[in-house]
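Where a number appears in this text, it was derived from the coordinates with a stated rule and is not lab data. Note that this is a predicted model, so its numbers are computed, not measured.
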Amino acid sequence: MKRFVVSESEGIKGKLPVQGGGGTFNILIDEEISGAQHFSLLVNEMASGYKGKEHSHGVEHCWYILKGTGIIRMAGETYHIKPGDAVFAPIGMLHSVECTGNESLRYLVIYAPPGPEKELNELPRRKQRGIKDHNGQNPSPQGAGYSPGRK
């Protein structure tokens with residue numbers, strides 16, 4: 001049954017593919033959980049000192065910062081982010097996220113339409129089944145972009 005109200009404990013959780021295990025994702029609303037067809041909602045958390053590599057997505061998305069401080073780099077600019085800030089990334093915009101404070105960076109992510117969260121959701125399942133990527137490595141979603149980059 002699709003759920004209209006989803007608590008954090010009921011989300012689809014996993015590790016962001018940040019080198020050294022520096023982050024987690026929690027998918028709260030998507031097609032699988034709630035039947036949402038036009039957007040998805042995640043709560044991500046990145047540990048202090050971690051940095052995602054530059055990447056882009058084929059969908060619009062935004063972040064809303066809940067806790068911690070960090071930097072988002074987009075369009076050749078560096079933006080310092082803190083709780084209460086909202087950030088928008090158009091389709092195809094190269095960007096990276098970095099946690100610069102002493103505490104973790106916790107933020108909401110909305111993808112519209114949904115898509116990149118499906119790659120994150122598939123990571124634990126692929127790993128359990130022993131599926132490797134085309135380079136023989138453990139899978140890493142190209143669209144999620146949270147791979148190697150600890151400060």
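For SER48, nonlocal amide neighbours, meaning residues 5 or more places apart or on other chains whose placed amide H falls under 5 Å from its own, are SER104, LEU105. For GLY14, the residues 5 or more places off, or on other chains, whose built amide H falls under 5 Å of its own are PHE25.
Here the Karplus curve 6.51 cos²θ - 1.76 cosθ + 1.60, taken at θ = phi - 60°, turns the phi angles of the range 60-75 into couplings of 6, 7, 8, 10, 10, 7, 9, 7, x, 10, x, 10, 10, 9, 8, 6 Hz, with x standing for Gly and Pro. The H on the amide N of ILE81, modeled in the peptide plane, is under 5 Å from the matching H of GLY70, ILE71, ILE72, each at least 5 residues off or on a different chain. Across all directions, the average flat footprint of the convex hull enclosing the Cα atoms of the range 9-95 is 6.2 nm².
So for the range 8-128, averaging the separation of alpha carbon pairs under 8 Å that are six or more residues apart and normalising by length, what relative contact order in percent results? Let's see the in-between values first.
On the way: 295 pairs, mean separation 36.2, N = 121.
Contact order relative to length: 30 percent.
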